[in-house]
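One structure is given here, and the rest of the page talks about it.
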Amino acid sequence: MRIAVDIDDTLNAVDRVRYAGEYIRRKNLPFRLVDENAHMLEKVYDWSHDDVLEFVHDGGITAFTDAPARKGAREVLERWRTAGIEVIVLTSRVAEWFGNPEKLSRDWLEKRHIPYDGLVASCADKGAYCAQNNIDILIDDSVEQCLSAQGKGVYAVLAVSRATLERAREVHYGGANWKQIDAAVAHIAGLMLRAGTP
């Protein structure tokens, strides 16, 4: 079995409000908080894409590089790999924000001892990537990415959060923490076994 796992808000917990808020206060900028649960920096405050880029390039990248791993993520991935499951870290991090998104992601994973077999960055359509690369399951915090996977015949498990609660039922499987995500993957593995899929 091959599983693709997202980084931001799936393997880690990014505190966008705190980091961006401190930057806005420090610079005495006029932006207001719009959605404290948004998973996209551009939707957290009433600022433009250019404003967000300025924040990221002025040290805001630490919101991502310093983000703690979600509880249980490392242990679950270790157990999967011990069981012979191949884990591909699949992130949509792009060079415009992260410079070298692959190196930045690898550094974050290694500092937190997150086990994985491969890493792919700058992936805009994870469903298409999974379908083209024989990935059985995608685990992601994005409803859109999970729906893309489902639409292409790939199982998807949504890393449920406050930002996705309203739409979580659109994705067939989900979990609010890594214990629940692991249980969803075990259920899918059972379905695949019964269907005769390796």
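Does the stretch 116-125 contain any residue that is open to solvent by less than 70 Å² (accessible area, probe 1.4 Å) and closer than 17 Å to Val76 by Cα? Within the stretch 116-125 (the criterion being open to solvent by less than 70 Å² (accessible area, probe 1.4 Å) and closer than 17 Å to Val76 by Cα), the answer is yes, since at least one residue qualifies. Any chance the stretch 6-17 includes a residue that's assigned to a helix (DSSP H, G or I) and in contact with a Leu (Cβ under 9 Å, 6 or more places away or on another chain)? Within the stretch 6-17 (the criterion being assigned to a helix (DSSP H, G or I) and in contact with a Leu (Cβ under 9 Å, 6 or more places away or on another chain)), the answer is yes, since at least one residue qualifies.
Close Cβ contacts (under 8 Å, 6 or more residues apart or on different chains) running from residues in the stretch 15-43 that are touching a residue at least 12 places away in the same chain (Cβ under 8 Å) to residues that are part of a loop (DSSP other than H, G, I, E, B) and open to solvent by 100 Å² or more (accessible area, probe 1.4 Å) comprise Val17/Glu36; Asn37/Arg162. Per the conditions (1) in contact with a helix residue (DSSP H, G or I) (Cβ under 9 Å, 6 or more places away or on another chain); (2) more than 27 Å from Leu191 (Cα to Cα), the sole criterion not satisfied by Asp46 is (1).
Please enumerate the residues belonging to the stretch 116-142 that are assigned to a loop (DSSP other than H, G, I, E, B) and either touching a Lys or Arg at 6+ places or on another chain (Cβ under 6 Å) or not hydroxyl-bearing (Ser, Thr, Tyr) (or both). Hits for the stretch 116-142 are Asp117, Ala121, Cys123, Ala124, Asp125, Asn133, Asn134, Ile135, Asp136, Asp141. Assess whether Arg79 counts as being over 16 Å from the mean Cα position of the chain (by Cα) and open to solvent by 60 Å² or more (accessible area, probe 1.4 Å). Yes: the conditions hold for Arg79. I need the full set of residues from the stretch 18-43 which are modelled with pLDDT of 95 or more and either under 28 Å from Ile135 (Cβ atoms) or open to solvent by less than 50 Å² (accessible area, probe 1.4 Å) (or both), in order please. Tyr19, Ala20, Gly21, Tyr23, Ile24, Phe31, listed by residue number. Among the residues making up the stretch 97-110, those that are open to solvent by 20 Å² or more (accessible area, probe 1.4 Å) and closer than 15 Å to Asn12 by Cα are Leu104, Arg106, Asp107, Glu110.
Screening Val94 on (1) at pLDDT below 95; (2) open to solvent by 80 Å² or more (accessible area, probe 1.4 Å); (3) of a type in the set (Val, Ile, Thr) shows it passes everything except condition (2).
Does Trp47 satisfy the criteria of being at pLDDT below 95 and farther than 17 Å from Met1 by Cβ? Here the answer is no, as Trp47 does not meet what is asked. Set side by side, the residues His113, His187 differ, and just one is part of a helix (DSSP H, G or I), open to solvent by 50 Å² or more (accessible area, probe 1.4 Å) and out of contact with any Gly (no Cβ under 8 Å at 6 or more places or on another chain), which is His187. Taken together, Val87, Val52 contain a single residue that is closer than 29 Å to Arg25 by Cα and either open to solvent by less than 20 Å² (accessible area, probe 1.4 Å) or modelled with pLDDT under 95 (or both), which is Val52.
The values are calculated or read from the model by the stated rules, or taken from the named source; none is laboratory data. What you are looking at is a predicted structure, and each value in this text was computed from that prediction instead of being measured. A quick note on method: Cβ atoms are made from the backbone with ideal geometry, for glycine too, and the neighbour counts reach across all protein chains shown. Quick note on the areas: whole protein, heavy atoms, side chains included, nothing else; ligands and nucleic acids left out. Shrake-Rupley method; radii C 1.70, N 1.55, O 1.52, S 1.80 Å.
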